[in-house]
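Trainee: Encoded as structure tokens, here's the structure I'll be asking about.
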Amino acid sequence: MAGGILCKDWNSNKVVSNRQMEAYGKAFLRKYENLVQRKVRPAYQKYFQFLKEKPILIKASVSTSHGAAVEFIPSEVQKFQCQTITDKIEQAVFQGIDLNTLNSNDNNRPKFTYSGEPGPMYNVSGKRIGYINLMFITNKGWLFNILETGSVITKELIVDGINYPNMIIIKGSNRRSAWSRKEAKEDASHEFWTDFKIVYSNSEEFREFIATPELRNIASKIDAKFKSGKYDREYGNLEFKEDMAELIAIADSHGIKHEFAKNIYEFVKEQPSWRERHPIMFNVMCGILLLLLIWCFKWVWVKLNHGWPG
């Protein structure tokens, strides 16, 4: 009975509360940070700007008519704020300006100008649609009409001359189900991989980090062939050339310098073998193996000289 009452009290279709919006924001931050720490070595985490901006003010807005939003703002201390509004969320977040702003300009980002009848520039029905480092001129219209099923994630926008630098997550739904911890984790995971692709595209150093395991794997195979004498055969030099070409092709696929790939091979080649790194363990294992061989030999010798049972 109590469980039924609890379930009824939860009701995922109810308007989301301030407390749940705070739980959503904190779950988002935890998940994002956890992914960066698990997937990226500390030296390369500097490229994830969102993590560098901690602590964060989680600023939530819940519309009583349509939708809700969360903005993550760099702050001196991590804290939470929430406001209830009556306007549709997308029009409350991006304040409309009843001016013709066609002359607005910013050469550092693509610009999109709306020239249709008064209304939204974009109707959004899909989830987690990203708008990053863009400029919009709505010309007496407004930027988004986000449907109940839709959501957008924005960063570094200029809308009608107003700068919106922070990450803002806007959803057409103001229901609890849209702002659960599960949704927070999925939104954070989506945003992490989006940032991951952007960092990969912008930084050769980060591409080197991503390419290193694959390059090491191929370099180790080449080194093993070299040490086993496979390149000493009649066409060994050609086989070596083909294997090195494969190494270089991996570097090309990641957009990094050939020299980096060759340095990986040289590094692997200079590494001591397992036997050289663990001489005591190697000798112990050889001793155990020798004792087993002696025992087996003696057992066979006894059986041959005294006959097999039966």
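Trainee: Counting only residues that are touching a Phe, Trp or Tyr at 6+ places or on another chain (Cβ under 9 Å), over 30 Å from K52 (Cα atoms) and open to solvent by less than 40 Å² (accessible area, probe 1.4 Å), how many does the stretch 207-231 have?
Mentor: Going through the stretch 207-231 one residue at a time, the tally reaches 5.
Trainee: L51 fails exactly one of the following numbered conditions: (1) loosely packed, with under 15 Cβ neighbours inside 10 Å; (2) at pLDDT below 85; (3) of a type outside the set (S, T, Y); (4) outside any loop (DSSP other than H, G, I, E, B). What is the number of that condition?
Mentor: It fails just one condition, (1).
Trainee: Oh, and also: For the stretch 184-197, give me each residue that is surrounded by fewer than 16 Cβ atoms within 10 Å (Cβ to Cβ) and under 16 Å from Y44 (Cβ atoms).
Mentor: The answer is W193, K197.
Trainee: Let me ask something else. Out of the stretch 11-48, which residues are within 18 Å of the chain's Cα centre (by Cα) and assigned to a loop (DSSP other than H, G, I, E, B)?
Mentor: Passing the criteria: V40, R41, F48.
Trainee: Could you say whether any residue in the stretch 160-174 is in contact with a Leu (Cβ under 9 Å, 6 or more places away or on another chain), free of Cβ contacts under 8 Å to residues at least 60 places away in the same chain and at negative phi?
Mentor: yes
Trainee: OK, next. From the list E234, E204, E239, which residue is modelled with pLDDT of 95 or more, more than 20 Å from L35 (Cα to Cα) and either surrounded by fewer than 16 Cβ atoms within 10 Å (Cβ to Cβ) or in contact with a strand residue (DSSP E or B) (Cβ under 6 Å, 6 or more places away or on another chain) (or both)?
Mentor: Within the list E234, E204, E239, the selection yields E204.
Trainee: Further, regarding this structure: Kindly indicate whether any position in the stretch 204-226 is without any contact (Cβ under 8 Å) to a residue 60 or more places away in the chain and outside any helix (DSSP H, G or I).
Mentor: Within the stretch 204-226 (the criterion being without any contact (Cβ under 8 Å) to a residue 60 or more places away in the chain and outside any helix (DSSP H, G or I)), the answer is no, since none of the residues qualifies.
The values are calculated or read from the model by the stated rules, or taken from the named source; none is laboratory data. Please read these numbers as outputs of a predicted model, since none were measured by experiment. Because the Cβ atoms are built from the backbone with ideal geometry, glycine has one as well, and the counts that use them run over all protein chains shown. Surface accessibility is based on the protein's heavy atoms, side chains included, excluding ligands, DNA and RNA. Shrake-Rupley method; radii C 1.70, N 1.55, O 1.52, S 1.80 Å.
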